[in-house]
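Throughout, read-outs are computed from the coordinates displayed, never taken from laboratory work. Treat the numbers as computed from the prediction; the structure is a model and nothing was measured.
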Amino acid sequence: MGRILAIDYGTKRTGIAVTDEMQIIASGLTTVDTKVLLIFLRDYVATETVDKFVVGLPKQMDNTASESEDYIQKFLEQLAKTIPDIPVERVDERFTSKMAFQSMIDSGLKKKQRKNKALVDEISATLILQSYLTSQS
């Protein structure tokens, strides 16, 4: 069994999270400059078995697509061309950034550490992945 890799896509930075090989535990992996995201993913799947990509689906409160969905759709097209053999599933990502920030507070991170937006993106990707895992059980 391979890993599931979650992507919290952003126009500047993208948070990445991954499961263990048994697909039980979601862990933050890194944050990548979005300009090199496809290269990072291609290199990652060359060394690790990935069964699925889970990509955040940004929605407004009224359930309509967020403005950032246009950027994500373009990314998904490029991803399908670059790594066509790995399926993609989408997961509602509403509130993940707020939940990530709150989890940083709850874990006792100092104010300066909480300003690290890359860490927020990585935690958000982890929350997206955990949400996906929970929905599958």
Problem set entry | Residues whose placed amide H lies under 5 Å from that of Gly10, excluding near-sequence neighbours | Gly15
Seminar exercise, completed: Under 5 Å from the placed amide H of Gly2, counting only residues 5+ away or on other chains, we find Asp51
Seminar exercise, completed: Of the listed pairs Lys35/Lys110; Lys35/Lys81; Lys12/Lys35; Lys35/Lys59, those with alpha carbons more than 18 Å apart are Lys35/Lys110; Lys35/Lys59
